[in-house]
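Worksheet: one structure, shown below.
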Amino acid sequence: LRPESDKVLSQIAAVLTGHPDWTMRVEGHTDNVGLKASNLTLSEQRAAAVVDWLTRHGVARSRLISLGM
């Protein structure tokens with residue numbers, strides 16, 4: 001993740017912290033250039049990186065679903 005993502009991710013973490021009954025699906029996306037399998041792997045890694053960031057900042061992993069698109 002880029003450092004400039006911290007601000008919006010912090011805001012998301014704050015919202016989730018304020019609503020402990022909410023869950024969130026994090027979707028990773030790519031463009032359609034290259035092999036479909038490679039793009040799927042990359043999109044899964046992108047979503048997982050966001051989930052990892054959120055869990056390191058206080059959001060329970062059980063509240064997050066990671067999905068590559």
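The values are calculated or read from the model by the stated rules, or taken from the named source; none is laboratory data. All figures in this text were calculated on a predicted structure; none of them were measured in a lab. Don't worry about glycine lacking a Cβ; one is built from the backbone with ideal geometry, like all the others, and counts go over all protein chains shown. Just the protein is used for accessible areas: all its heavy atoms, side chains included, with ligands, DNA and RNA removed. Shrake-Rupley method; radii C 1.70, N 1.55, O 1.52, S 1.80 Å.
Annotations for the structure displayed:
- Å² of accessible area per residue within the chain, as computed with a 1.4 Å probe and no ligands counted: 70
- Taking the C-alpha atoms only, the angle from helix 6-18 to the longest principal axis of the chain is near 50 degrees.
- Under 13 Å, Cβ to Cβ, from ALA48 - net charge with Lys/Arg +1 and Asp/Glu -1: +1
- 5 angstrom amide H check on ILE65, placed H, neighbours 5+ away: MET24, ARG25, VAL26
- Carbon and sulfur %, accessible surface of the chain computed with the full protein complex present, 1.4 Å: 57
- Residue-averaged 222 nm ellipticity for the chain, from DSSP H runs of 4+ at -39500 (n - 2.57), nearest 500: -16500 deg cm²/dmol
- Taking the empirical scaling 2.2 N^0.38 Å for compact globular proteins as reference, the stretch 2-69 has a Cα radius of gyration ratio of 1.18.
- Under the criterion of Cα pairs below 8 Å and six or more residues apart, the relative contact order for the chain equals 40 percent.
- The angle separating the long axis of helix 36-56 from the principal Cα axis of greatest extent in the chain is about 20 degrees.
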